[in-house]
Each structure stands twice: as C-alpha cells, then as structure tokens.
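Q: Could you have a look at this structure, given as structure tokens, before my questions?
The values are calculated or read from the model by the stated rules, or taken from the named source; none is laboratory data. Note that the structure is a prediction, hence the values are computed from the model and not measured. Here the Cβ positions follow ideal geometry from the backbone for every residue, glycine too, while neighbour counts run over all protein chains shown.
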Amino acid sequence: MDRALLADFLRARREVLQPEDVGLPRGPRRRTGGLRREEVAALAGMSVDYYSRIEQQRGPMPSEQVLAGLARGLHLSLSERDHLFDLAGHSAPRRQLRDDHVSPTMMRIVERLADTPALVMSRFNETLLQNQPAVALLGDYTRFSGLSRYLVYRWFTDPAQRDLYPAEDHDLRGRVFTSEIRAAYTADPEGTAGEIVAALLEVSPEFAEVWRLHEVDVSHHNDLKRYRHPELGELELYCQRLIDPDQAQELLVFSATPGSPSYEKLQLLPSSLAKTDAYRTGP
C-alpha cells in the first residue's frame, strides 16, 4: 500500500469532479470547484472521518469493499479503478466483459467506413457487427447461432468455412484461430472459451492436434492475407486491427495497396453484393 500516492490520487479525482457530475446540487455557498470530502464519503457509503483519514495518510489499509465504494462514488473508469486497487495494495477485480455489446465508439467508426470492409469481433471471434462491404467481401456471418457463432468452431466443423481462403493457407489459418481461442481460454477456462474448446476436442481430431501444439503467438496481425471471392476472384488484403481494451473486442478493417488489382476489386464490392445470394463465412 502506498499511502501517499493513494491519498494524492483520491484528492486529485475528488477535486476534478463537479457536484453536477455526480448528481449533487452545487448550492449557493460553494466557492471552490471539486467535491467536498463529506460528499465523496456519502457517495462511497462511508463516514467522513474514515475517508478523511485515507486522504491524510492515516488509518488501516482500505478493504476491497471500501475501494469499490470509492470507485463508484468518484465515477472512476475501469483503468482508474484498477489503479486505485493497486495503490491500496489489492489485486484489481476481474473485469466483467459484455460479449454481446458493441461500444458506441466502435459503432460510429464502422458507420463511417461505408466504402471499406469492417467488422467487430468478440474475444471469442464471434462477429458482433459487420458493414455492407464486409458482407460483400466475406459473407454475412452474423446470422449464426449456437457454437457456430464462433469462427474457430466453424473452421473445424464446417468445410464451407474454408472456401474463403486458398487451400495452401488453410494450415496457417487454423493455427491462428486456435491460438486466438487459447488466449481467451487461458483467461477464463470455465467460461465460453472452455465450452468451445471442449466441444471441438470432442468432434474434431484436427483441432485436437493443433490444440496440443500450445501455440500462443502465431504471426498473423496486419499481414497480407488472400481471400477467394465468388464474383471477383482472389484478393490480397491487409487486415488492420483496432482493439477496445475495456470490452476485449477487435475492429477489423480490410484494405488493399492503392493501384493494385485487389484495390480495384474492392471498389466493385457493392455491385457484387447484389449479385451473390449465398455468402461464405469467416474473416
């Protein structure tokens, strides 16, 4: 526990907040900005004396319950909350991620990319949001249900999933998808990732073989990938990833080198969408 830094942090967060930020009236007698100690104490559910002792670097180590109350009362972000726990000598609580929710910021970015294939995927590689160019390029794979929602499951159970890639790239893609679900499994083996892995180990000997390799760092980020489109043929595209750390979601944006044949094909995606009735699946 670092009493001095903890006190400084709480004081700084208290002084930057205004009463209206936390639903309190400003009142006619308030001469300085920021919240008063008694206001923070009330918001956090503790006595003024107890909170004052923390800011004055006195008293016992705050409990996790006290720290959680302070985080709520001071309207701390997740990163600020984690920092508070670290300063007080506690491990930060496990973040509760919403795997079915796309942040407004991610949604706005995808909406602005009207002429560029873009999609948002969860940490389990479930597609949560997909714009029309991405549907035209890759197929509509927000339509799946059950375990088929997850890319790695489709890859090892549905042969049609692989049509999107040239056959010589299948081995690498399978290793990439497996390493990605391993990262989610390591973080939470009892949750969704554990369910996906258990199901695949039961039905796919190929997955079981790749899983036994324990690969965790298969090179694939931002590399040049090849995709097979039913109308436009083969495209060579870069896949740039933007990560939302609070939700552990990724925004994938596909692009081609300007002036290349693949760049010209990307411009034809809108017309190809109207011609194709059945779309393949997988990024």
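Q: Out of curiosity, is E168 loosely packed, with under 14 Cβ neighbours inside 10 Å and either assigned to a helix (DSSP H, G or I) or at pLDDT 95 or above (or both)? First the steps, then the outcome.
A: On the way: loosely packed, with under 14 Cβ neighbours inside 10 Å: yes; either assigned to a helix (DSSP H, G or I) or at pLDDT 95 or above (or both): yes.
Yes.
Q: Listed residues A187, A160; which is loosely packed, with under 15 Cβ neighbours inside 10 Å, hydrophobic (A, V, I, L, M, F, W, C) and not assigned by TED's automatic domain parsing to the domain that holds Y227? Reasoning before the result, please.
A: Values: A160 fails: not assigned by TED's automatic domain parsing to the domain that holds Y227.
On inspection, the qualifying residue turns out to be A187.
Q: Can you find, within the stretch 195-234, the residue that is farthest from G139 (Cα to Cα) among those that are hydrophobic (A, V, I, L, M, F, W, C) and surrounded by fewer than 15 Cβ atoms within 10 Å (Cβ to Cβ)?
A: So in the stretch 195-234, the residues hydrophobic (A, V, I, L, M, F, W, C) come out as 196-201, 203, 207-208, 210-211, 213, 216, 218, 224, 232.
Still in the running and surrounded by fewer than 15 Cβ atoms within 10 Å (Cβ to Cβ): 198, 201, 203, 208, 213, 216, 224.
Working: A198: 27, L201: 27, V203: 25, A208: 27, L213: 30, V216: 28, L224: 20 Å.
Only one residue fits best here, namely L213.
Q: State yes or no: is S63 among the hydroxyl-bearing types (S, T, Y) and either modelled with pLDDT under 85 or within 22 Å of the chain's Cα centre (by Cα) (or both)? Full working, then the answer.
A: Values: among the hydroxyl-bearing types (S, T, Y): yes; either modelled with pLDDT under 85 or within 22 Å of the chain's Cα centre (by Cα) (or both): no.
Criteria not met by S63.
Q: With aliphatic (A, V, I, L, M), more than 19 Å from S91 (Cβ to Cβ), in contact (Cβ under 8 Å) with a residue 40 or more places away in the chain and touching a Leu at 6+ places or on another chain (Cβ under 9 Å) as the only criterion, which of L74, L70 stands out? Don't jump to the end; show me each part of the working.
A: Numbers: L70 fails: more than 19 Å from S91 (Cβ to Cβ).
When all the criteria are applied, what remains is L74.
Q: Could I ask something else about it? Tally the residues that are part of a helix (DSSP H, G or I) and under 20 Å from S122 (Cα atoms), restricting the search to the stretch 182-214. Walk me through how you get there before you give the answer.
A: Pass one, the stretch 182-214, residues part of a helix (DSSP H, G or I): 182-187, 192-203, 205-211.
With the extra rule that they be under 20 Å from S122 (Cα atoms), the set shrinks to 182-187, 192-200.
Residues in the stretch 182-214 being part of a helix (DSSP H, G or I) and under 20 Å from S122 (Cα atoms): 15 in total.
Q: Filtering the stretch 75-90 down to residues that are modelled with pLDDT of 80 or more and farther than 17 Å from R11 by Cα, which residue is surrounded by the fewest Cβ atoms within 10 Å (Cβ to Cβ)?
A: Within the stretch 75-90, the subset modelled with pLDDT of 80 or more is 75-76, 80-90.
Filter once more, keeping what is farther than 17 Å from R11 by Cα: 89-90.
Numbers: G89: 13, H90: 17.
The residue in question is G89.
Q: Suppose the filter is closer than 29 Å to P189 by Cα, touching a helix residue (DSSP H, G or I) at 6+ places or on another chain (Cβ under 8 Å) and buried (at least 18 other Cβ atoms within 10 Å of the Cβ); does A44 pass it?
A: On the way: closer than 29 Å to P189 by Cα: no; touching a helix residue (DSSP H, G or I) at 6+ places or on another chain (Cβ under 8 Å): yes; buried (at least 18 other Cβ atoms within 10 Å of the Cβ): yes.
When the stated conditions are applied, A44 does not pass them.
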